[in-house]
Each structure stands twice: as structure tokens, then as C-alpha cells.
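The values are calculated or read from the model by the stated rules, or taken from the named source; none is laboratory data. As the structure is a computational prediction, the values presented were derived from the model and not from experiment. Note: ideal-geometry Cβ built from the backbone for every residue, glycine included; neighbour counts use all protein chains shown.
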Amino acid sequence: MSDSDANADTDVGGVDPDSTAASEHHAFWADDVADEIEARDPTDPIVIKGGVSPSGIPHLGHFNEIMRGYYVAEVLRERGHEVRQVFTSDDRDALRKVPRTLADADWNLVGLGDVDAGALGRNLGVPYTDIPDPFDDCDHDSYGEHFTALLAESAERIGVPVEMLSNTAMYEAGEFDDVVHHVLSRADRAREVLSAYQDGVDDAYVPFMAQCSECKRLTTDVRAIDLDARTVDYVCSGLEAGGQQIEGCGHEGTATFREGKLPWRFEWPAQWQVLGVDFEPFGKDHAEGSWPSGEDIAENVLEIQPPVPMTYEWFTLNGEPLSSSSGNVVTVDEVLELLEPEVLRYFFARNPKKAKDFDLSRMDQLVDEFDRFEQTYFGEVEDSTLQEFAERAYPFVVDEVRGERVRIPYTFAAVLGMTDDRELREQMARNEGHLADDTPEWAVEAALARVERARAWAERMDNEYNYRLQADLPETEFDPSVEAALDDLADFVAAGHSGEEIQGQMYELPDNYGVETGDFFNAGYRLFFDADSGPRLGEFLGELDRTFVVRRLRREE
Ligand SMILES: [Zn+2]
Ligand SMILES: [Zn+2]
């Protein structure tokens, strides 16, 4: 049993919904959430939302929300509802801090030295959609659009049909006009509600930030509101962001409700209203911060019902908190080099209330866990803790349920990745019983596709699987005693012994020639991998073509 198996009983199954609504406890948490949404008798399409303010790198952490929303959407669709899953890029937010790392359009993570960092610095306080794309070799109109395009691409790669919405576009189209008008016409009420959550909300506080027509920065210095004309008069005095004051240009002007934005605590509930949001999952930071105020503002300022909430636990990456600013992030693009999309989708299907670690060095454990989940669904293994969850969740995790699908265990796939020879990989997989004579060709192809991913993992981690079988004889120089022992082993292999027997013989035989066992293995690693170490050599050689192994041991090819 791996650790993950030991934890399986707490990592699968349903969760208690956040509210007290009575709900049957299901095997899959998404059913519990769907019950709660249905209990409100929503009108179709049911709207599920997530959202993020652009940062330097669209990364796996953003999929906490997208994937949780996806499972709830899929369950509701199965129940016959029309569902719209949207994800807002909160791209009218101002750049508050220059990111240290950015992702270019080809998913290379680059430092500030590779972009015009000065241009970014000059745009502090400016909405992301008004900042030039930091990369000039792609055709996005702005920093915001660059980020959103990459995020949309990630969602597509992971196979989730999420509708990306630009907040800026929604403001510009006037979609927020009425709710801005509503909030500003009840500014006293808005201040009263907000002041319970935020310091410094005095009589001068206006719940709207105008965008300066001269320098494009946002300003909180709104001096007058004309509700009929739907405009505000502002002074470009800058704004406080990230603990520092960003200077404005001093311009005095008039902005429409489309030329600015609501402060975040109002904007979030305003999005619920404008989009008719029924469900929104969010991380712990929001649970303690903007959710309580958002709920209050929705009910007591906007007078709407807030969506069904769900708080999820963050996952850590390699044992540390995900952090765009410190660079502890991984992109979907990187992860899909190592894992099949369904394995990644599985990661987010597990209990969202349980903290997890996404440990790149232990991708083998995650894949093993997924394989077991899949086998449980097909009744190939019996696991009472996993069974109901697998039966319910598996069809949502894979693109298509196909009973003839086969998986090569990930670490074995990593061993197969030691050779570039496609046929040899397939033969080795057949020898080990991972592919059967009647495995359909599509399933063989799909199973072998894992080899490239496991190999990429071995390379990325430079772990015990990162070896390459040498197609040509490496340059070697051995003592005559070692050469004699290798010749002896060649005869032993030629006689047709199994890998296990070859491994045993590699321990027995060197002594006869006065050779240390370690030196003998080293000679073997040198011959086959041109390296000082490698996998369990005897067993590995047992998988290879016998003629090739014999000739290599005799230093002939
Ligand atoms: Zn771009
Ligand atoms: Zn200005």
C-alpha cells in the first residue's frame, strides 16, 4: 500500500456542502454540490463561474476552480440541465507589482531580463488590458489578452470547455452599467456594509474607481457622481496597491461607468448579478476575505442571492505553497508533458476539502493512483473505499469510457523510455504482460504514448529512470578479468536465461574472475547506458533482444 492508498478513505467521496442545506451524502462531492444548486430551483442555463486576476504565469493553481466547476457542470448536465461554465479574467484590475517571471506564447517561462521590464514598471496602476503585451512576437492586444489566451489554451489542453470572459470587455459593452448605477445610488448603504470588512471606509469613500483618460491609471479619487448621466468626476490621484502608493498624473476629468471599475469587493458580487451565477468555487483566501463581504453586499446592497459557494483547499507544489511571484508554479503545458490529461483531471476530482501536494518527483504515485481508480471502475481490482467514488466519478474524468484501454505502469513506462526503439518498447511491454495479443491497436498506441511522458519525467527529475540504452557500442576499456567475466555472462545470456536469473548471475559470476561485483555492474552500465549507474541491469537485459545483449556483452556491437 502506498501512502495515497492509506489515505484513500479520506481523499475520495463526498464532502459536506458549505451551507446547512440538507443533502444526501454522495460518493462524489460534485453530486453534493449539484444537489445544493438544484435545491434552489435555478433556471437554465445554470451558470458556474471562476475567475482570476492576470498574473505573470497562467499556472496549474488556476485549475483548482476551473476543474471543480467542470465536475459540477458535468454532473448537472448529466441531470439534464443546460450549464454554462464561465471563467472571468479580471483584467480591468490594475497591475500592482511587476511579476518576476512571465510565460511567453510558447510557454517558456522567462525572467524580466527578457522583456521590456521598464514598460511594465511604468504601467503600475494601469489595467492589464491597457498594458502592451510584454512579448512582441505574438499578436495579443495587451498583457491581459496575452494572459487570458494562455489560460484558455491550458483549459483546452486539459479538455474543459470553459468560456473565458474579459471583465474589461464586459465593462466596455455596458454590462456592468446598471449594477454600477445601483451601487452608486446606494453609496451610503454600500459604505455601511463594506465598513464591517474593510478599514478606512469613510464618507468620502466612493465604490467606483475611474480610469484616467490621460495616463490610463485607475484612481480612487472620485469627487462627484452624476447618476442620470452615468458619469463620475475624478482626479487622477493614483491608488494604493500592494502596500505602496502608485502616483497618478493629476488630470481632472469625467468618466462614464464603462471607463472604470467597481472595487473588487463589489465587483465580485456584481459579476454574480450580471452573469446570473449559481455556483462558484474558491480558495481559502477568499473564504476568509472577500466571500463574507461579497455575500453581505449581494444580499444587502445588490439585493440578490449569492451563488452556492464551495471552498477548496489549496494544493502545494513540491511541498511548498504555489507562488507566481516566487516562481513555485507549474503550467498545464509542463504537466501534460508528464501526464495524460485524464490523470491531471483525476487530481482535481478527489476531495477538494483535503489539502494535497502535487509532487513532480512523485508523478509515478499519482499515475499509479489514477490507474487504480480506473481499474476499480472496471472491476479489475476490488477496493471498497474507492469503489463508489470510482464508479461515479470515472466517466467524468476520461474523455470516453473504453473497457479495452490498457495502461503500462508509469515506472515501467519510464524503463521503456530508456530505449528509443518503438518496437523494442512494445516487445518489452508484451513480455511483461502489459499488452495482450488481443489488445486493439488503438489501445497499444495509447498505452505506449505514456512512455514519452514517463521519459520526459525521468529527464526532468533526472531520477533513477533517466538512462538511455546506447544503440551503438560506447567506447570502453576494461581489465582483462572484467572482459572475461563479461564474456562468461554473454554465454549465460545466450543459453536463454530469464532476467531474474541474469541478475542473480551478475552477483555470482564476478567472484570467479577476481572482479568486484560493483565493478562488474559498472562495466555493464558503461556498455549499455554509457553511464556509471542504471536500472536493475539483469532484469533490464532480460527484456532486450537476446542477440543484441550477447553481442554487446562481447563488445561486438
Ligand atoms: Zn502575447
Ligand atoms: Zn492620469
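Here is how the numbers come out for the structure above:
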{"item": "Residue within region 85-94 that is of a type outside the set (A, V, I, L, M, F, W, C), over 30 Å from T220 (Cβ atoms) and modelled with pLDDT of 95 or more present", "result": "yes"}
{"item": "Evaluation of N167 against (1) more than 16 Å from ligand 1 (Cβ to nearest atom); (2) touching a Leu at 6+ places or on another chain (Cβ under 6 Å) (one fails), failing number", "result": "(2)"}
{"item": "Condition check for S154: away from ligand 1 (no atom under 16 Å from the Cβ) and among the small types (G, A, S)", "result": "no"}
{"item": "Matching residues, region 422-442, being of a type in the set (D, E) and either assigned by TED's automatic domain parsing to the domain that holds F548 or surrounded by 15 or more Cβ atoms within 10 Å (Cβ to Cβ) (or both)", "result": "E426, E432"}
{"item": "Which listed residue is within 28 Å of R555 (Cα to Cα) and assigned to a loop (DSSP other than H, G, I, E, B), from A458, A471, A429, A436", "result": "A471"}
{"item": "Test result for R100, of a type in the set (K, R), away from ligand 1 (no atom under 16 Å from the Cβ) and modelled with pLDDT under 90", "result": "yes"}
{"item": "Meets criteria (assigned by TED's automatic domain parsing to the domain that holds L124, within 14 Å of ligand 1 (Cβ to nearest atom) and more than 22 Å from G276 (Cα to Cα)) for G159", "result": "no"}
{"item": "R223, sole failed condition from (1) within 19 Å of R92 (Cβ to Cβ); (2) surrounded by fewer than 17 Cβ atoms within 10 Å (Cβ to Cβ); (3) modelled with pLDDT of 95 or more", "result": "(1)"}
{"item": "Residue count for region 60-77, restricted to those that are under 12 Å from A34 (Cα atoms) and touching a residue at least 40 places away in the same chain (Cβ under 8 Å)", "result": "8"}
{"item": "Qualifying residues in region 194-229 (those that are among the acidic types (D, E) and not assigned by TED's automatic domain parsing to the domain that holds G248) - the one farthest from ligand 1 (Cβ to nearest atom)", "result": "D203"}
{"item": "Odd one out for E445, checked against (1) within 34 Å of the chain's Cα centre (by Cα); (2) surrounded by 13 or more Cβ atoms within 10 Å (Cβ to Cβ); (3) in a helix (DSSP H, G or I)", "result": "(2)"}
{"item": "Residues of region 506-532 satisfying the condition of being free of Cβ contacts under 8 Å to residues at least 12 places away in the same chain and assigned to a loop (DSSP other than H, G, I, E, B)", "result": "E516, D532"}
{"item": "Top-ranked residue in region 209-224 [being more than 34 Å from the chain's Cα centre (by Cα) and assigned to a loop (DSSP other than H, G, I, E, B); ranked as farthest from ligand 2 (Cβ to nearest atom)]", "result": "T220"}
{"item": "Region 101-126, residues that are in contact (Cβ under 8 Å) with a residue 40 or more places away in the chain and either more than 16 Å from ligand 2 (Cβ to nearest atom) or touching a Gly at 6+ places or on another chain (Cβ under 7 Å) (or both)", "result": "T101, L102, A103, A105, W107, L109, G125"}
{"item": "Positions within region 230-253 being of a type in the set (A, V, I, L, M, F, W, C) and either under 17 Å from R92 (Cα atoms) or within 16 Å of ligand 1 (Cβ to nearest atom) (or both), in sequence order", "result": "C236, L239, A241, I246"}
{"item": "Residue that is nearest to P352 (Cα to Cα) [pool: residues in region 21-42 that are touching a residue at least 60 places away in the same chain (Cβ under 8 Å) and in a loop (DSSP other than H, G, I, E, B)]", "result": "F28"}
{"item": "Subset tally (residues that are on the phi < 0 side of the Ramachandran plot and either surrounded by 14 or more Cβ atoms within 10 Å (Cβ to Cβ) or near ligand 2 (Cβ under 9 Å from one of its atoms) (or both)) for region 234-246", "result": "7"}
{"item": "Any hit, region 380-393, residues being of a type in the set (A, V, I, L, M, F, W, C) and farther than 22 Å from Y346 by Cβ", "result": "no"}
{"item": "Yes/no for P54 being part of a loop (DSSP other than H, G, I, E, B), within 16 Å of ligand 1 (Cβ to nearest atom), under 23 Å from the mean Cα position of the chain (by Cα) and modelled with pLDDT under 95", "result": "yes"}
{"item": "Count - residues of region 266-285 that are in a helix (DSSP H, G or I) and surrounded by 22 or more Cβ atoms within 10 Å (Cβ to Cβ)", "result": "7"}
